[in-house]
């Protein structure tokens, strides 16, 4: 229901897109957890790059 409303309003976010492209194989909760893990991983990578740059300077 939420995805249908967002879709009709043209307001899809990453969780909605992941659920829609999963063709019913992923729940909203699983999609949220997946996005959170992805963000955490990207945050670690970014921090690693920042620290590497500071050590190189």
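Couple of notes before you dig in:
- Each residue in 8, 27 was given a count of other beta-carbon atoms within 10 angstrom of its own, and listing them fewest first yields 8, 27.
- The chain: calculated mean residue ellipticity at 222 nm from DSSP helix runs of at least 4, using -39500 (n - 2.57): -26000 deg cm²/dmol
- When the square roots of the Cα gyration tensor eigenvalues are ordered a ≥ b ≥ c, the ratio a/c for the range 2-56 is 1.5 or more and a/b exceeds b/c, which makes its shape prolate.
- In a fully extended conformation the segment linking residue 17 and residue 55 would gain 9.8 nm over its present Cα-Cα distance, using 0.36 nm per residue.
- The stretch between residue 8 and residue 42, if pulled fully straight at 0.36 nm per residue, gains 9.2 nm over its current Cα-Cα span.
- This ranking places 12, 18 by how few other beta-carbon atoms lie within 10 Å of each, fewest first, which gives 12, 18.
Since every read-out is calculated from the coordinates, none of them should be taken as a lab result. For clarity, every value in this text was computed on a predicted model and none was experimentally measured. Cβ: placed from backbone, ideal geometry, glycine included. Neighbour counts: every protein chain shown.
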